[in-house]
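Some notes on the structure that comes next.
The values are calculated or read from the model by the stated rules, or taken from the named source; none is laboratory data. All values reported here derive from a predicted model rather than from experimental measurement. No Cβ is skipped: glycine too gets one built from the backbone with ideal geometry, and neighbour counts run over all protein chains shown. Remember, those area values only see protein heavy atoms, side chains included, never the ligands or the DNA or RNA. Shrake-Rupley method; radii C 1.70, N 1.55, O 1.52, S 1.80 Å.
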Amino acid sequence: MDQTPVRVRFAPSPTGALHIGGVRTALLNWLFARHCGGRIVLRIDDTDWTRSNEIYLRKILDGFRWLGITFDEGVEEGGAYGPYRQSERLPIYRRHLEALVRRGMAYPCYCSPEELQAVREKAQREGRTPRYPRTCLHLSPEERAKREAEGLRPVYRLKVDLAEPVVVDDLIRGPVSFPPDQVDDFVIFKGDGWPTYHFATVVDDLEMKITHVIRAEEHLSNTPRHVLLFRALGGPVPRFAHVPMILAPDRSKLSKRHGATSVDEFRQLGFLPEALVNYCLLLGWSPGDGEEILSLEEAVARFSIDRIVKHAAVYDMQKLRWINGHYLRSLPLERIWQEARPFLVEAGYLPERPSEAEQTLALRRIAAVRERVHTLEELVDALSYFYRPVETYDDKGVRKHFTRPGTAELLEEAGTRLEAVEPWDLESTEGACRQLIAEKGIKGGDLIHPVRLALTGRTVGPGLFDVMVLLGKEETLNRLRRAAEWIRTRPFAAPESPDADPVR
């Protein structure tokens with residue numbers, strides 16, 4: 001049995017935001033490493049100078065910190081196989097290139113883009129797979145020197161002699177065969193002196209002793225080149241696992257037009273890291289029993305590559321919202337507070353540094369409303385009437401609860417009863433309202449619904465008496481008076497007759 005310690009890596013390019021697909025790939029690597037007692041490396045593929053950006057690197061690192069996905073080695077953690085930024089590893093790549101050239105396994109190519117395009121077009125006209133014709137393979141040292149004297153900067157190609165297909169024994173898909181005519185002498189070093197993606201990633205995997213490469217299926221077509229490079233460099237070929245794509249609900253390629261796709265966007269919309277990680281885990285992987293709510297600890301214990309499905313995963317925002325709602329309801333309030341506080345500060349509900357009393361009250365209010373919300377944005381909206389005066393009332397609620405004759409008087413009478421309540425708690429406020437209901441001989445909803453609308457501007461929410469207590473006595477009485485005055489200014493407030501019953 002192979003006892004080689006498991007080593008995996010995630011190698012993002014700092015050319016854009018951390019995408020949900022990248023999170024899913026990193027998470028699968030992380031779970032595999034943790035399940036096997038191995039190590040995971042964060043390596044940064046930043047050799048594309050025109051697109052790489054330090055801001056994106058910071059966002060990637062911050063995103064993983066927020067998600068709770070940690071690495072054993074990397075740009076911040078360090079490690080025995082650094083540096084972990086490809087832009088700092090150029091001498092390592094050059095050393096491997098020079099070794100291949102000395103052994104006759106790589107050679108410089110001076111062909112111009114125009115010459116290569118002509119070769120491609122000729123092959124296409126003749127119905128052949130375009131292949132590099134090895135124009136520069138047998139150039140003499142004098143011919144090479146002449147071209148360089150003319151200012152031509154060569155690329156370097158791997159010399160590929162294939163008689164048999166390249167077979168990749170993929171851990172998800174099984175054996176995948178690539179015919180010999182699909183791989184020609186491909187470029188491994190560019191004319192600007194930097195390695196191609198293929199060369200750099202294989203050298204790094206070899207140098208960092210990577211045993212398993214778990215990555216998106218879009219890289220499957222690159223794998224025969226990587227296998228050939230591992231063989232040419234004299235290193236062991238890691239095991240490959242290519243994870244199916246994430247598709248949009250219409251089964252097209254996922255893009256921004258389908259909604260949020262990056263960690264930053266999900267965070268700004270008020271999703272919790274626990275929920276996003278849980279959702280990414282289910283995008284193409286199954287715990288095997290239909291369970292959908294899993295902690296990272298549970299996922300580590302139950303993880304296996306053979307439970308990664310072979311078909312594409314479908315992006316489902318409603319499912320993510322459902323999972324997020326579960327975590328909003330079930331996580332400790334203090335944990336919700338950590339994520340919710342910036343939203344409450346931005347909304348103007350709290351100062352940048354809330355006092356202990358402000359935090360305590362905010363936690364009680366969050367506890368009252370969190371059962372009905374799915375994101376922190378919705379949480380902020382659900383809390384709004386605790387922090388801002390009610391300026392509008394729900395139209396449907398007005399028609400149903402405020403247009404009945406006598407409603408203004410009933411709200412005023414409720415205010416009078418509540419003004420005498422001491423202490424201001426659930427039992428006392430409910431007792432006063434129940435007594436008024438009994439004395440009036442009306443249904444509970446005849447009082448409770450208009451009072452709720454008066455206090456919150458809405459028809460649904462937490463228990464009415466919880467709302468009263470959390471608003472406080474003074475604000476509750478003020479809102480009842482304001483609602484009564486508002487009703488009186490409306491056309492429907494005119495009494496049907498001088499003797500009309502104020503409620504019925």
Of those in region 274-294 that are surrounded by fewer than 20 Cβ atoms within 10 Å (Cβ to Cβ) and closer than 17 Å to L28 by Cα, the residue modelled with the lowest pLDDT is G288
Among residues of region 82-130 being exposed (fewer than 15 other Cβ atoms within 10 Å of the Cβ) and polar (S, T, N, Q), the residue farthest from G193 (Cα to Cα) is Q124
Residue count, region 457-466, condition assigned to a helix (DSSP H, G or I) and either crowded, with 19+ Cβ neighbours inside 10 Å or free of Cβ contacts under 8 Å to residues at least 60 places away in the same chain (or both), comes to 2
Listed by first then second residue, the pairs whose first member lies in region 438-453 and is in contact (Cβ under 8 Å) with a residue 60 or more places away in the chain, whose partner is open to solvent by less than 20 Å² (accessible area, probe 1.4 Å), with beta carbons under 7 Å and at least 6 positions apart or on separate chains, are K440/V503; I442/V503; L453/G397; L453/F402
Of the residues in region 46-81 that are assigned to a loop (DSSP other than H, G, I, E, B), of a type in the set (D, E) and modelled with pLDDT of 95 or more, the one that is surrounded by the fewest Cβ atoms within 10 Å (Cβ to Cβ) is E76
Taking the condition part of a helix (DSSP H, G or I), at pLDDT 95 or above and over 24 Å from A368 (Cα atoms), does T416 pass?
yes
When region 174-226 is checked residue by residue, the ones that are assigned to a strand (DSSP E or B) and of a type in the set (V, I, T) are V176, V187, I188, V213, I214
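This table checks each residue for (1) open to solvent by 40 Å² or more (accessible area, probe 1.4 Å); (2) assigned to a loop (DSSP other than H, G, I, E, B); (3) modelled with pLDDT of 95 or more.
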{"residue": "P450", "(1), (2), (3)": "no, no, yes"}
{"residue": "L455", "(1), (2), (3)": "no, no, yes"}
{"residue": "M468", "(1), (2), (3)": "no, no, yes"}
{"residue": "R479", "(1), (2), (3)": "no, no, yes"}
{"residue": "A483", "(1), (2), (3)": "no, no, yes"}
{"residue": "W486", "(1), (2), (3)": "yes, no, yes"}
{"residue": "F492", "(1), (2), (3)": "yes, no, no"}
{"residue": "P502", "(1), (2), (3)": "yes, yes, no"}
Scanning region 185-202 residue by residue, the ones that are among the charged types (D, E, K, R) and modelled with pLDDT of 95 or more total 2
State yes or no: is S428 open to solvent by less than 50 Å² (accessible area, probe 1.4 Å) and closer than 28 Å to G348 by Cβ? no
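Residue by residue, here is whether (1) open to solvent by less than 80 Å² (accessible area, probe 1.4 Å); (2) under 18 Å from P491 (Cβ atoms) holds:
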position: R365; (1), (2): yes, no
position: A368; (1), (2): yes, no
position: E378; (1), (2): yes, no
position: D381; (1), (2): no, no
position: S384; (1), (2): yes, no
position: V398; (1), (2): yes, yes
position: T407; (1), (2): yes, yes
position: L410; (1), (2): yes, no
position: T416; (1), (2): no, no
Going through region 261-272 in order, the residues found to be surrounded by 19 or more Cβ atoms within 10 Å (Cβ to Cβ) and part of a helix (DSSP H, G or I) are V263, F266, R267
(1) open to solvent by less than 60 Å² (accessible area, probe 1.4 Å); (2) under 28 Å from E378 (Cα atoms) all hold for L436 apart from (2)
Checked region 1-24 for anything surrounded by 21 or more Cβ atoms within 10 Å (Cβ to Cβ) and touching a Lys or Arg at 6+ places or on another chain (Cβ under 9 Å); matches are R7, V8, R9, F10, A11, P12, P14, L18
Those residues of region 390-428 which are closer than 17 Å to L471 by Cβ and either without any contact (Cβ under 8 Å) to a residue 40 or more places away in the chain or hydrophobic (A, V, I, L, M, F, W, C) (or both) amount to V390, L411, A414, R417, L418, V421, E422, P423, W424, L426, E427, S428
- prompt: Got at least one residue in region 148-162 being open to solvent by 10 Å² or more (accessible area, probe 1.4 Å), of a type in the set (G, A, S) and touching a strand residue (DSSP E or B) at 6+ places or on another chain (Cβ under 7 Å)?
  reply: no
- Test: residue in region 295-314 that is within 25 Å of V369 (Cα to Cα) and open to solvent by less than 60 Å² (accessible area, probe 1.4 Å): yes
Of the residues in region 25-45 that are in contact with a Pro (Cβ under 9 Å, 6 or more places away or on another chain) and without any contact (Cβ under 8 Å) to a residue 60 or more places away in the chain, the one that is most open to solvent (accessible area, probe 1.4 Å) is R39
